[in-house]
Amino acid sequence: MEEQKYYSVRMRAAKNGSHEEGGKHISGGELISTYSNMKHAVNALLEKGLSHSRGNPDFMQIQFESIDQPIKRIKPLQIKTHEVESAGMGLEVSWWLIEKSGIERNVIEKAYKHMTEYSGINGAILIDSHSGERIDDRDKKGVRVSRMDWLKANFERWADYYKMPKNSRVKEALTLATKVCEHPATVAELCWSDDPEYITGYVASKKLGYQRITKLKEYGEERGCRIFFIDLSKELNSYIHYLEKQPVFIQWEEEKNTKN
């Protein structure tokens, strides 16, 4: 398996022009594929971009490039679900979980102000875990985590074991959160989707794992959120390089896992 040649396959879709021209972000996706499976990977991303509840795109870009460095294999974060009755309760739970991950409450308050200001960006904003200030220089572009995947058969075994839905949302979100939290600079991540029909979000950290919250926004809301709380004692440029360039496979091994 290690000797196969792999490719990073990426898609982004927008409406009313490209992202660079101010178009509305519709969808994005990431896969790692062999050359022989490339048509399937491209078609899967094409279908995702053409069938999103945010609308029909008039711009789409699908590209692939060879991966010329070793792919890091990491275990998925442990998962837990919090059932809440409202988005307000979900936000309270998210604050509590971020605090438990090691972030002071005043830092979280500042981060939420940045979230409101940059709610429409296509990517993550990086927040200093000590000051609560945004520290990346990407403005409305944000930092996009890339070059990651979880092979379908392995994901489905994991889903069967933990009695989780075998849908792409869970797979993609846990893949991204696991890669982000693997880096020592990451203290916590807060995320919910910009999909108006999907209101579940999560808080993730090395300390707590992947904590799903069933309601983190109101149904019909198109504003998403992705915040990484990071420790500035680590070098920022190398951190961003890891998020954007380090290829990662999530790989679960049942014999090394036990249910809680």
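If you take the beta carbon distance between SER66 and THR116 as r and set R0 to 45 Å, what does 1/(1 + (r/R0)^6) give as a FRET efficiency, to the nearest 0.05? The calculated FRET efficiency here is 0.70.
Sorting ILE79, ILE250 by solvent-accessible area of protein heavy atoms yields ILE79, ILE250, largest first, with a 1.4 Å probe. Backbone geometry of segment 73-84 corresponds, through the Karplus equation with coefficients 6.51, -1.76 and 1.60 at θ = phi - 60°, to 3J(HN,Hα) couplings of 10, 10, 6, x, 4, 5, 10, 9, 10, 10, 7, 10 Hz, x marking Gly and Pro. Heavy-atom accessible area with a 1.4 Å probe sorts ARG138, ARG212, largest first, into ARG138, ARG212. DSSP bridge analysis restricted to the chain gives an antiparallel fraction near 70%, rounded to the nearest 5.
Ignoring any ligand, DNA or RNA, what whole percent of the accessible area of segment 6-68 comes from carbon and sulfur when the probe is 1.4 angstrom? Heavy-atom surface of segment 6-68 belonging to carbon and sulfur, 1.4 Å probe: 47 percent. Accessible surface of segment 75-250, 1.4 Å probe: 49 percent of it comes from carbon and sulfur atoms. Cβ-Cβ distance of ASN37 and ASN106, R₀ of 45 Å, FRET efficiency by 1/(1 + (r/R0)^6): the value works out to about 0.40.
Accessible surface area normalised per residue over the chain is 50 Å², counting heavy atoms of protein chains with a 1.4 Å rolling probe. Around the Cα centre of the chain, unit charges on the Cβ atoms of Lys, Arg, Asp and Glu (plus for the first two, minus for the last two) sum to a dipole of about 420 debye.
Rounded to the nearest 10 square angstrom, LYS215 shows an accessible area of 70 square angstrom against a 1.4 Å probe.
Scanning the chain for GluC sites (Glu not before Pro) lying in DSSP loops with no more than 14 further Cβ atoms inside 10 Å, the longest uninterrupted stretch between such sites is 4-82. Sorting THR81, THR116, THR186, THR214 by accessible area puts them as THR116, THR81, THR214, THR186; the probe is 1.4 Å, largest comes first, and only protein heavy atoms count.
In the elastic network of the chain, a GNM with C-alpha springs shorter than 10 Å, the most mobile of GLN78, GLN63, GLN246 is GLN63.
The values are calculated or read from the model by the stated rules, or taken from the named source; none is laboratory data. All values reported here derive from a predicted model rather than from experimental measurement. Every residue, glycine among them, receives a Cβ derived from its backbone with ideal geometry; neighbour counts consider all protein chains shown. The protein model used for the area step is the full one, side chains on, heavy atoms only, and it has no ligands, DNA or RNA in it. Shrake-Rupley method; radii C 1.70, N 1.55, O 1.52, S 1.80 Å.
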